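Read the figures in this text as sums done on the coordinates, not as results from a lab. Source: prediction; values computed, not measured. Ideal geometry is used to build each Cβ from the backbone, glycine not excepted, and the neighbour counts take in all protein chains shown.
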There are 2 protein chains.
Amino acid sequence: MAEKNHKIRIKDIAVLAGVSEGTVDRVLHNRGDVSDRSREAVTKVLEEMNYSPNLLARSLASKKNYNFVCLFPSFEPGEYWECVDKGFKQAALEFLHHNVHIEKKYFNQFDSQSFVCVSESVLKTEPDAVFIAPIFRNETISFINDLNNLTIPYSFIDSMIENTDFNTYYGQNSFQSGFIAAKLLLNSMPDGSQIVVIRTKRKGSVSNQTLTRRNGFYSYIQENHLDNKLNIISAEFNNNDESGNLEILKQIFKQNHSIRAVITFNSRVYSLAMHLEALQQTNVRLIGYDLLEENVKYLKQGIVNYIIGQRPDKQAYFTVRDMCRKLIFRQEINRINYMPMDVLMKENIEDYVQFNENI
Amino acid sequence: MAEKNHKIRIKDIAVLAGVSEGTVDRVLHNRGDVSDRSREAVTKVLEEMNYSPNLLARSLASKKNYNFVCLFPSFEPGEYWECVDKGFKQAALEFLHHNVHIEKKYFNQFDSQSFVCVSESVLKTEPDAVFIAPIFRNETISFINDLNNLTIPYSFIDSMIENTDFNTYYGQNSFQSGFIAAKLLLNSMPDGSQIVVIRTKRKGSVSNQTLTRRNGFYSYIQENHLDNKLNIISAEFNNNDESGNLEILKQIFKQNHSIRAVITFNSRVYSLAMHLEALQQTNVRLIGYDLLEENVKYLKQGIVNYIIGQRPDKQAYFTVRDMCRKLIFRQEINRINYMPMDVLMKENIEDYVQFNENI
DNA sequence: TCAAATATCGTGTGCGGACACGGAGTTTAA
DNA sequence: TTAAACTCCGTGTCCGCACACGATATTTGA
C-alpha cells in the first residue's frame, strides 16, 4: 500500500501504466474496449498506488442527475415525522451539488389507500431511488415489486419488511427499546406497585412498532420475574379524544392507590403528561418515546422522567447518504442499521438538543 | 427568496447583472477593483437568486493548501485518546480532496515539558490551523499567544481555556456529567448506604475534568439533601499500581458492610470493575466514563451498570469540519459545543457501538 | 495635449474526472 | 484486393469556480 496522502490522479496512473487517461478511465468504469495487456497494467498500478478518485471532480464532471423520492407520512408541526422531514431536507442540501435531487411525497398514515395513490404517482416519475416508511405492509410489498421490475433501488426507514431486497434500513430496534424502557421504569420499584400501560387505538391498525416495544417491555418483566411483584394495569386511549382519555386516567387513579409508573409506547407521552398534571399525579414515574418539542418540555419540567430517542433526522439523512454512496460513489454500505437508543433525562436533554440543532 | 433547487452559477449571476464572471467573482471575494454600480448590481442579483457557490468546484479550483495540526496526548491501544485519533483520521480522509492535510502531534500528558517541545516544533511548520487538547493550562496559554502573533487560528478539544480566542470548543460539560452520574448512581438508594468515591493520583496534577465532574457529583448530593442520608467514603488510587489499588479496595470492603455503589471520574472504570470482580463484590452499583473497549466489556457483563459517553471521535471530527467551514467554506459556526452525555447500559450499548462504527 | 498612472473589467487557463468523438490499426467479407 | 466492420485507445470538451493577466476606459500630471 502506498502513502495515504498526496493525491494520485488518473493522469498519474496513465503515465505509470504507459497508457492514456482515457484507457485508465475505461478500466475504472470497466466499460470495455481495452486490451487485456492494458487492463492488467492499469489494474496493477491502480492497486500499487492505492488510487481513490476525487469525488468532487467526479460529481462536477458527471452529467447524470439522480432523482430520489421519499415516501413517508404527512405531519403537523411538532409531530414525529417532522424530524424525518428535517433530515431529508439536510441531505438534499448536502448532496445537491452531487447532482442529487430529492422530492418528498407524503401519505396519510391512517389511510392505506393514500399510500397506494402516492406510490403509483411515484412510479410514473421513474425515480433513481425511493425511500419508504413501510407503514402499510401489504401495500408496500406490492409497491416494491413494481420497483424491482423497473430495477429501481429502495431503502426502508423507521421500520422494515424482512426478506426484501432493500438497500438500507435505518430504524430502532423496537423490541429492545421496549425492554430498556421497562428497565428504566421499573428499576427499584417496590413490590406491589401498580404500573399503568397505555395503548392507543389508531383509526387504522395498531402500529407494528408500538406492538413490538410492548413485547420488549413485557419480556423484561418476565425475565426479571416481576410478574407477580408488580401489578400491571392496562388501559386504552382513543387517538383524538383527549377529554375522554383524561376521564379514563381519572377513573384509574380513583380506583387504584399504589400507582407508581405510567408508560406509553407511542411518541405522544406529552398528552399523558398533560393529563397527569391536570390530575395532580406528577409523582408517578413516566416514560415515553421521541423528542417532540412537547415531550421535551415535560421532560425538562420533571413530569416525564425518561425519553428514549432514536435520532429520526439522522435516520433520514443516512438513508440518503448511503444511497449516494452506493449509486454515485460506489462505496460499501451496511444494510441493517439500528439506531442508538438515547436515554434522555432532565439532566442531559439540554446538551443533546443543542448538539442536534448545530450538526 | 428564489427556488432552492436548480443550481445557479456565477455565469448566471454575471449575465443577470450584466457584468462578466470575473466581476462577480471579485464581488464574492470582495477583493476590490469593482465600481460601486457593478457591485450593487451583482449584490442585488446574488440575493435575489439566493446564490450559493458550488463547494465542490471551489475546492477543485482552489490551489491553496491547508495544513492543520492536531496536538493531543499520545496513547496506548484501547485508551481514551485513541478515539479522538480515530475522529481526526476520519476527518483527514473526508477533507483530503478539499486540499486539507492533517498532521497529528502527540505529547506526553504527564509531562508538561513534552507539550512545550512539541508545540514549539509545530510553530516552525507554520500551519494554517491548530487543534489543541489543553491539558496544561499555562503552557497552552503561552502557545496560543504565539499562535495569535502569527494569526494562526486554533480550536480546543476535550476541555477549554476561557477568555481566549479559540475557533471552536467541543467537549463535555464536565460538571453536568458528574451531576448526572450522581443521579444514576444514587437513584432510589436506601438511607444509610455507603458510597465509595475513587480518585486517582496522577503523576502530574489532577486533571481538571475529573475535578469538575466530582464537583457536579457532590452538587447533586447537596441539591437533593443526601448528605446525611448517605455515607460517602473517599479513597485514593495510584495511577499505575493495580495490586496496591486492589488492596485498598479490599480494606474498604472489609471495614464497611453497607457499600452499595462505587464511582470513579476518570475513564478507567474497567480497573475498578476488575478489582470488584476479584473481590466478588459485583452487586454494588458501578458507574464510569467513556466507552473504552474494556469498559464496554464490563458493561455488557453487568459489572459496570452505567457508562457516560461523550463521543470523542465526533469531537475531533467536528473540530476539523468546523475549521474547514470557517476557513474554506466561509460558513457560520458555533463556538462552544457541549457534547451530549450519552447514557449507556447493558441494554443499549450494542446498537450504540455498532452505529458509531458504521458512521 | 499627450503620456503615464489608475480604476475597472473581461478572458483564458487550470483543477480532476466523465465521456463523446474519431483516428489508427486489424480483421472480415465480397 | 479493397471496402466495411471492428478493436483499441488518445484527444478534446465540459463541469463551476479561482485567479492571473492583460485590455480598455478614465483620470491625472506636466
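Percent of C-alpha pairs per 10 Å bin in segment B:149-249, short distances first: 13, 33, 30, 16, 6, 1. Extending 7 Å from Cα along the Cβ direction at B:Asp146 and again at A:Thr164 yields two label points whose distance is 6.0 nm. Could you pull out which residues in segment A:253-274 have an amide N less than 14 Å from a spot 7 Å beyond the Cα of A:Asn283, following the Cα-Cβ vector? Residues passing the 14 Å test: A:257-261. The share of C-alpha pairs in segment A:10-53 whose separation exceeds 15 Å stands at 26 percent. If the segment from A:Arg137 to A:Asn215 were pulled out straight at 0.36 nm per residue, it would be longer than the present Cα-Cα gap by 26.1 nm. A Gaussian network model of chain B, with springs between Cα atoms under 10 Å, assigns the largest mean-square fluctuation among B:Pro53, B:Pro134, B:Pro77 to B:Pro53. Of all DSSP-defined beta bridges confined to the protein assembly as shown, some 5% are antiparallel rather than parallel. Counting from the shortest, the label point at A:Lys297, 7 Å from Cα toward Cβ, is 4.8 nm from the same position in each remaining copy. Its Cα gyration tensor gives segment A:218-316 an equivalent ellipsoid, and the semi-axes of that ellipsoid, as √(5λ) in whole Å with the largest first, are 22, 19, 13.
Once backbone amide H atoms are built at 1.01 Å from N, A:Met160 has no partners under 5 Å, excluding neighbours fewer than 5 places away on the same chain. Between identical copies, the spacing of A:Ser219 label points, each set 7 Å from Cα toward the C-beta atom, reads 3.9 nm from nearest to farthest.
Relative to its Kirkwood radius, the Cα radius of gyration of segment A:195-256 gives an Rg/Rh of 1.02. Percent of C-alpha pairs per 5 Å bin in segment B:47-159, short distances first: 2, 11, 20, 20, 17, 12, 8, 5, 3, 2, 1, 0. Take each residue of peptide A:47-54, count the partner chain Cβ atoms within 10 Å of its Cβ, and average: the result is 1.
Peptides B:333-344, B:311-322 ranked from most to least packed, by the mean per-residue count of other Cβ atoms within 10 Å: B:311-322, B:333-344. Taking the Cα atoms of the protein assembly as shown, the ratio Rg/Rh between the radius of gyration and the Kirkwood radius comes to 0.99. For a modelled paramagnetic label at A:Asn108, 7 Å from Cα along Cα-to-Cβ, the residues of segment A:232-265 in reach, with backbone nitrogen under 19 Å, are A:239-241. Taking a cut-off of 17 Å, what percent of all Cα-Cα pairs in segment A:28-88 are separated by more than that? Result for the distance tail: 67 percent. Can you pull the percent of Cα pairs in chain A with separation above 37 Å? I get 35 percent for the Cα pairs in chain A exceeding 37 Å.
For chain B, the membrane-span-like helices by this rule, meaning whole DSSP H stretches whose C-alpha atoms cover at least 15 Å of axis and whose Kyte-Doolittle mean is 0.5 or above, are B:112-124, B:174-186; this says nothing about an actual membrane. The distance between label points at B:Asn334 and A:Lys254 comes to 4.7 nm (points 7 Å beyond Cα on the Cα→Cβ vector).
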